[in-house]
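Accompanying notes for the structure given below.
The values are calculated or read from the model by the stated rules, or taken from the named source; none is laboratory data. Quantities reported herein were computed from a predicted structural model and do not represent experimental measurements. Cβ sites come from the backbone with ideal geometry, for glycine too, and all protein chains shown count toward neighbours. What goes into the accessible areas is simple: the full protein's heavy atoms, side chains included, and nothing from ligands, DNA or RNA. Shrake-Rupley method; radii C 1.70, N 1.55, O 1.52, S 1.80 Å.
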Amino acid sequence: MTAISHQSANSELRQGNQKIRARHDNVMMPNYAPMEIVPDRGEGAWLWDRDGTRFLDFAAGIAVSALGHAPKVLQEVLADQASRFWHVSNLMTNEPAIELADTLCGLTFAERAFFCNSGAEANEAALKLARRFAFENAGAEKDEIIAFENGFHGRTFFTVCVGGQEKYSNGFGPKPGGISHLPWNDISALEESISDRTCAVILEPVQGEGGVNPADHNFLRAARALCDRHHALLIFDEIQTGIGRSGKLYTYEWSNVVPDILTTAKGLGGGFPVAAMLTTARISESLAVGTHGSTFGGNPLACVVANRVLQELTQTGLLESVTPKSDQLMQGLADLNSRHHMFTEIRGCGLLIGCQLSSTYAGRAGELMKACMDQGLLALVAGPDVLRLAPPLIITEQEISSGLEKIDAAVVSLH
Ligand code: PLP
């Protein structure tokens, strides 16, 4: 009797994907068009949907789930903190936030951390800090921000206008001024545009959303030198490239070009919302008491989880495993491409990889992503012409091989 009622309750709960997806449009804002996959549970690099289909996840929730789905180590710290206290606000001294700040400062160039809840908020804070620092140290005239075409920095109005894709920022009324967008990796354009009125140059060491376009190290070195010459702050948006995704904790370590401000989010919480803006003690002085804030920033649940993510990454050999995994994935993609000739370039850094479609397949990245899904592989796009792969960092050699087989089959299905 008990067994039967348990079973019927369960099957009621286990409505199919389609039925649940049908409810989406009736109650959710129309700004997303999700696929008809309704996740039910996840483990490691695998995700099961409400119909019981299993997917190998090379998307990781858009480069977020660094330790995979529902990692035990994070469950433990989350449950422990949840049994103690969840929220304290910024009115009290927040020990979990101090611990996380200590860890982040110990692992990077930074000496101070500001916590918030999303990448956009971290960039919003970074841009406000840069403007404020210039205002206090050089005056109101020094307010210009240089950003790059195809850059992406979030969806608050300031950050989306700093991002270099007008399709995201047009149609929302007057934009904040003092922002210019230069061609990516173009040292001469930067030399010509930067001046003593520039307060900040902001860039992603690898443009993620804009097509997985790595910055040339020479370009980064030039940006650093030009910022120094004009007393402008160099901001690295490492929201997508950070937390080990490139094979280093932060991508700036590959070039040895150290920014003045770094923003981090996505993988930091392994799926729990948390973000940080990191900087030096001297620059941080411009965000004096009352100049900026966030009710939820530094949430204790988020901070203990992030601290554990960093511990796992840096103390278990996981970080060091990223480059060999990347080599395997890159080589496998090159091999399958030598048979199918679908991509003109396979680029990226670590486990953030973009496959540029050849002109024959122009505009079909979405279709290829869907074909991967049909093969049981979750992937991403970065614009209409780039298939983007960002598996969890805990992905195994065997899972990479399996993912490559699925991509191969997806590519064949598109021919
Ligand atoms: N910056 C970069 C480089 C990103 O890739 C993203 C998100 O894709 C953001 C900022 C915005 O982060 P969030 O969506 O958490 O606000």
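Here are the numbers for the structure shown:
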| quantity | calculated |
| --- | --- |
| Solvent accessible area, Å² - Thr156, 1.4 Å probe, full protein context | 40 Å² |
| Mean Cβ neighbour count within 10 Å, used as a protection proxy, ranking 58-66, 231-239 highest first | 231-239, 58-66 |
| Over the chain, relative contact order from alpha-carbon pairs under 8 Å, at least 6 apart, % | 21 percent |
| Using alpha-carbon coordinates, inclination of helix 72-82 to the longest axis of the chain, degrees | 70 degrees |
| GNM top mover of Ala33, Ala200, Ala125 - the chain, alpha-carbon springs below 10 Å | Ala33 |
| Between segment 82-148 and segment 338-413, the alpha-carbon center distance in angstrom | 35 Å |
| Additional length obtainable on full extension of the chain from Thr360 to Lys175, 0.36 nm per residue less Cα span | 62.9 nm |
| Note, ³J(HN,Hα) from phi for segment 231-246, Karplus 6.51, -1.76, 1.60, rounded to Hz, x at Gly and Pro | 6, 10, 8, 9, 10, 9, 8, 10, 5, 9, 8, x, 6, x, 4, 8 |
| Environment charge of Thr314, counting only residues whose C-beta is closer than 12 Å and scoring Lys/Arg +1, Asp/Glu -1 | 0 |
| Mean residue ellipticity (222 nm) of the chain, computed from DSSP H runs ≥ 4 via -39,500 (n - 2.57), nearest 500 | -13000 deg cm²/dmol |
| Accessible area of Met373 in the full protein assembly, 1.4 Å probe (Å², nearest 10) | 30 Å² |
| For the chain: accessible area per residue (Å², 1.4 Å) | 45 Å² |
| Helix 300-315 vs. the chain, principal-axis angle (Cα, 0 to 90°, nearest 10) | 80 degrees |
| For Arg21, solvent-accessible area (1.4 Å; no DNA, RNA or ligand), Å² | 50 Å² |
| Within-11-Å neighbourhood charge of Arg282 [Cβ basis; K, R +1; D, E -1] | -2 |
| Net charge contributed by nearby residues that have their C-beta within less than 12 Å of Ser65 (K/R +1, D/E -1) | 0 |
| Selected from Ala130, Pro259, Val38, residue furthest toward positive end of dipole (the chain; charges at beta carbon) | Val38 |
